[in-house]
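Encoded as C-alpha cells, the structure appears first; notes follow it.
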Amino acid sequence: MTKVLYLDYDGVLHDDAVYWHPKHGIYLKTPGRTLFEWMYILENLLSPHPDVGIVLSTSWVRAKSFEYAKSQLSAPLREKVIGATFHRREMHKIEFDLTARGVQIWNDVQRRNPTSWFAIDNDNERWPAHCRDKLVLTQDRLGLSEVKVQNEVMAMLNLL
C-alpha cells in the first residue's frame with residue numbers, strides 16, 4: 001500500500017472525551033455522544049479510494065492493543081488497516097508516549113516510506129513543520145462531523 005491515511009480515533013471518529021474505567025471499560029463522558037459515531041463518514045469518504053491504506057495512529061493501540069483497536073472499526077475500515085504507529089515489540093511505551101503525535105507519525109512515514117500520505121487528528125501540538133500540510137486537524141468535540149473537515153479529507157484523498 002503506497003497511499004496511507006494515519007488515523008486517530010478520539011476527536012476524529014467520536015468526541016475526544018474518552019475515558020476508561022475498570023468496570024465499564026472505554027466510554028465517552030459527553031452526554032448524547034457514542035463511540036465511533038462518525039465512523040460512517042470516514043467509510044463514505046474512503047469508498048471511492050480503494051487504494052488507500054490506514055495506519056492507526058490512535059493511543060488505543062498503545063493502551064489496549066493493535067488487534068483491539070482494529071476490531072473497533074467497521075469491516076470496510078478494518079480491511080484497509082495495514083499497521084499502526086506503535087509497535088509493542090519495537091518501542092518502549094514511555095518513550096512513545098513522550099513523543100508528539102506528529103513525530104510518531106513522521107517516524108512511521110520514514111519506516112513505512114509510502115509514496116503519499118496524510119493524517120486526520122485533533123492533536124497538532126509539536127507537529128513537525130515540514131509536514132504540517134499533511135494534517136487534517138479536527139476539533140475535539142466535532143471530529144469528522146464537521147463539513148469543513150470532510151471537505152479537507154476529500155481534498156487530501158484526491159491529492160494522493
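Here are a few things to note about the model shown:
- Inter-site label distance for His87 and Thr34 at 7 Å from Cα along Cβ, in nm: 3.7
- Choice from Phe66, Phe96, Phe118 with maximal GNM fluctuation in the chain (Cα, 10 Å cutoff): Phe96
- C-alpha center-to-center spacing [the range 107-125, the range 13-64] in angstrom: 18
- Relative frequency of Cα-Cα separations exceeding 13 Å in the range 34-79, percent: 58
- Cβ-Cβ distance of Ala155 and Ala17, R₀ of 30 Å, FRET efficiency by 1/(1 + (r/R0)^6): the value works out to about 0.60.
- Note on the chain: Kirkwood radius taken over Cα pairs, Stokes-Einstein applied at 37 °C and 0.692 mPa s, translational D equal to 208 µm² s⁻¹.
- Which listed pairs, of Lys80/Lys134; Lys3/Lys64; Lys3/Lys134, have C-alpha distances above 22 Å, in listed order: Lys3/Lys64
- Using θ = phi - 60° and Karplus 6.51 cos²θ - 1.76 cosθ + 1.60, couplings along the range 29-45 (whole Hz; Gly, Pro as x): 8, 6, x, x, 9, 10, 4, 6, 5, 9, 4, 4, 5, 5, 4, 5, 5
- In order along the range 77-86, the Karplus-derived 3J(HN,Hα) couplings, from 6.51 cos²θ - 1.76 cosθ + 1.60 at θ = phi - 60°, round to 7, 4, 4, 8, 6, 10, x, 8, 6, 9 Hz, and Gly and Pro are given as x.
Where a number appears in this text, it was derived from the coordinates with a stated rule and is not lab data. These figures come from a predicted structure and were not determined experimentally. Cβ sites come from the backbone with ideal geometry, for glycine too, and all protein chains shown count toward neighbours.
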